[in-house]
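A short worksheet on the structure shown next.
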Amino acid sequence: MAQDSLGTGLRGILRKIGGSSYIDHETIKDVSREIQRILLKADVNVKLTLELARTLERRASEEKPPPGMLEQDYLVRIIFEELLKILGEESKIEVKPQVIMLVGLYGQGKTTAAGKLAKFFTRKGMSVGLIAADVHRVAAYHQLEQLAKQLNVSFFGSEKEKDPVKIARNGLKELSQIQVRIVDTSGRDSLDQELIKEIRDLKTATSPDEVLYVLDATMGQQAGKQALSLNEAAGITGVIISKMDGTGKGGGALSAVAAIKQPVYFIGTGEHMEDMEIFNPKRFLSRLMGLGDLESLMQFAQEANVSEEEAEKTMTKLLSGKFNLKDMYEIWEKFAQPGIMKKLVDAMPVSRMPMGAKLDSTTLDSAEEKLKVYRVILDSMTYNELEEPDVINASRISRISTGSGRSEADVRSLLREYKSMKKNMKQMQGNRGLKKMLKAQFRGGDFGLENLTSDQE
Ligand SMILES: Nc1nc2c(ncn2[C@@H]2O[C@H](COP(=O)(O)OP(=O)(O)OP(=O)(O)O)[C@@H](O)[C@H]2O)c(=O)[nH]1
Ligand SMILES: [Mg+2]
C-alpha cells in the first residue's frame with residue numbers, strides 16, 4: 001500500500017509515546033524530529049513538514065490535556081489533529097445531476113476514474129454518460145467506449161474529430177438527458193502550455209460543476225507544483241487519489257492536496273471498477289496510525305464540531321423514529337467509534353430497555369465490523385432506496401447484494417437492524433437522560449454518565 005511506510009513510521013512513534021513514562025521537552029523534541037523524518041521520507045513537502053513540526057512542538061509544550069486524559073494520549077491526539085489538517089475536511093461529492101470534468105497528467109488514472117465514477121453514480125440510481133475528449137492518444141476513445149459498454153452507461157466520442165472542445169460540446173448536447181455527464185480529458189508527460197490551454201478551453205466550453213483532479217499516489221514531490229498550475233488553469237474542486245494500492249509513498253499526493261486546499265473525494269485502490277473508496281480523512285488517518293480503538297482518545301469526538309442546532313436536529317430525528325436509511329447512515333457515522341454505542345446502552349437502566357431491543361453489548365462489540373459491511377451495502381443503494389427503505393423488495397435486495405459484493409443475508413440483516421433501530425428509538429421517546437447524553441455526544445461534550453442515571457424520570 002502506498003501509505004505503508006508512512007503508517008509503519010507513525011505507528012512506531014505512537015508506540016514510543018505510549019511507552020514513555022512522562023512527556024517532557026526532550027520527548028516532544030524527539031517525537032517531532034521522528035515525525036519530520038517519516039514525513040520527508042514519505043515525500044511530504046518540506047515546508048509542510050516543518051510547519052507541522054513547529055505547530056506540534058508548540059501545542060505539545062503549551063497545551064494541557066483535558067482532565068482524565070493521559071499526557072501521552074494527548075500528544076497522540078495533537079499529532080492526529082495536525083496530520084488531519086493536511087488531509088483536509090471530509091467532503092463528499094454530491095449525488096445530483098451534474099457535469100464532471102476530469103483533469104490530470106498522463107497515465108494518472110483519469111479514464112479509469114471516469115469508469116469508477118460512472119459505476120458510483122449508477123449505483124446511486126443516476127443515469128451516467130461518458131464523453132471522450134481525449135484526442136491525443138489513439139486508444140483513448142476505445143478505452144472509454146469499452147468502459148461505457150462494460151458499465152452499461154451512455155457514451156459519446158468521435159474518432160475523426162480532433163478538437164476536444166467540439167467533442168465535449170457535442171457530447172454534452174447529445175447526452176443532455178443524462179443526469180451525470182463525465183468528460184474525460186487527455187494528459188501529458190508534464191504540464192505544458194498546450195495542455196493548460198486545452199483544459200482552460202474545455203472548462204469554458206463545458207462549465208463543469210466539478211473539476212476533479214486525478215492524482216497518482218505514487219507521485220513524488222513534483223505533484224504539488226503541478227497541482228497548483230492545474231488548479232490555476234482549471235479551478236480544481238476535488239481530488240481523486242488513484243493507485244493507493246501501489247508501492248509509492250503517498251506523501252507527494254498528500255502535499256498536493258494540502259497545497260490546493262481541495263477535498264479528496266475518493267481514493268482508487270486497484271484497476272477494477274469497484275476499486276474506489278469514498279475518502280474519509282479521519283478514518284483514513286486512524287487506520288494509518290493504527291488507532292483502531294479510538295476509545296482511549298474519545299475526546300476526538302469534540303472535533304466533530306457539531307453545532308447545538310445540528311445536535312438537536314439529529315437527536316430529535318433519532319428519537320422520533322421517523323428516520324430513513326440515509327439518516328441511519330449519518331447517525332452511524334457519528335457513532336462510528338464503538339465505545340460510544342456501548343456507553344449509550346450501558347447507561348440505560350435495564351428497565352428502560354425497550355422490549356426486544358437488540359442493542360446488547362455482544363452485538364455492540366462487533367459494531368464496528370458490521371458498520372464496515374453495512375457501509376458498502378448502503379453505498380450500493382440508490383438515493384430513492386435510502387430515502388424510502390420501504391421500496392426495497394426481493395429483486396432490489398438481489399441487485400444491492402450483487403452491487404455491494406455482500407450476501408443477500410447481509411442486506412436483509414441491515415434492513416432488519418434498521419427496522420428494529422427505528423422501533424427501539426421510538427420506544428425510547430421521552431427518556432430525558434438518553435436525550436441529554438445523545439446531545440452531549442453529538443456536541444462532543446462530557447458524557448456525565450453518573451448524572452444520567454439519576455436524571456431518568
Ligand atoms: N493499481 C491501480 N492501477 C490503476 C488505478 N487507477 C488506474 N490504474 C491503472 O493505471 C493505468 C493508467 O490509467 P488510465 O485511467 O488510463 O490513466 P489516464 O490518466 O486516463 O491516462 P492518459 O489518458 O493516457 O493520460 C492503467 O493501467 C490503469 O489500469 C488504481 O487505483 N490502482
Ligand atoms: Mg485516459
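Read the figures in this text as sums done on the coordinates, not as results from a lab. It should be emphasised that the depicted structure is a prediction, and the values quoted were computed from it without experimental measurement. Heads up, the Cβs are rebuilt from the backbone with ideal geometry, glycines too, and the neighbour counts pull from every protein chain shown.
If you filter segment 234-261 down to residues that are within 16 Å of ligand 1 (Cβ to nearest atom) and polar (S, T, N, Q), you find that the one that is surrounded by the most Cβ atoms within 10 Å (Cβ to Cβ) is 242. Residues that are assigned to a helix (DSSP H, G or I), in contact with a strand residue (DSSP E or B) (Cβ under 7 Å, 6 or more places away or on another chain) and more than 16 Å from ligand 2 (Cβ to nearest atom) occur at least once in segment 240-255. Looking across segment 104-125, the residues that are within 13 Å of ligand 2 (Cβ to nearest atom) and either among the aromatic types (Phe, Trp, Tyr) or in contact with a Lys or Arg (Cβ under 7 Å, 6 or more places away or on another chain) (or both) come down to 104, 105, 106, 109.
One residue stands out among those in segment 169-211 that are surrounded by fewer than 21 Cβ atoms within 10 Å (Cβ to Cβ) and of a type in the set (Gly, Ala, Ser): the one that is farthest from residue 224 (Cα to Cα), which is 176. Would you say residue 13 is under 24 Å from residue 219 (Cα atoms) and of a type in the set (Val, Ile, Thr)? No; evaluated as a whole, the condition is false for this residue.
Among the residues of segment 262-272, the ones that are surrounded by fewer than 17 Cβ atoms within 10 Å (Cβ to Cβ) and either without any contact (Cβ under 8 Å) to a residue 12 or more places away in the chain or within 16 Å of ligand 2 (Cβ to nearest atom) (or both) come to 2 in all.
Against the criterion of being away from ligand 2 (no atom under 16 Å from the Cβ), of a type outside the set (Gly, Ala, Ser) and part of a loop (DSSP other than H, G, I, E, B), residue 82 does not qualify. Of the set (1) part of a loop (DSSP other than H, G, I, E, B); (2) under 27 Å from the mean Cα position of the chain (by Cα), all apply to residue 66 but (2).
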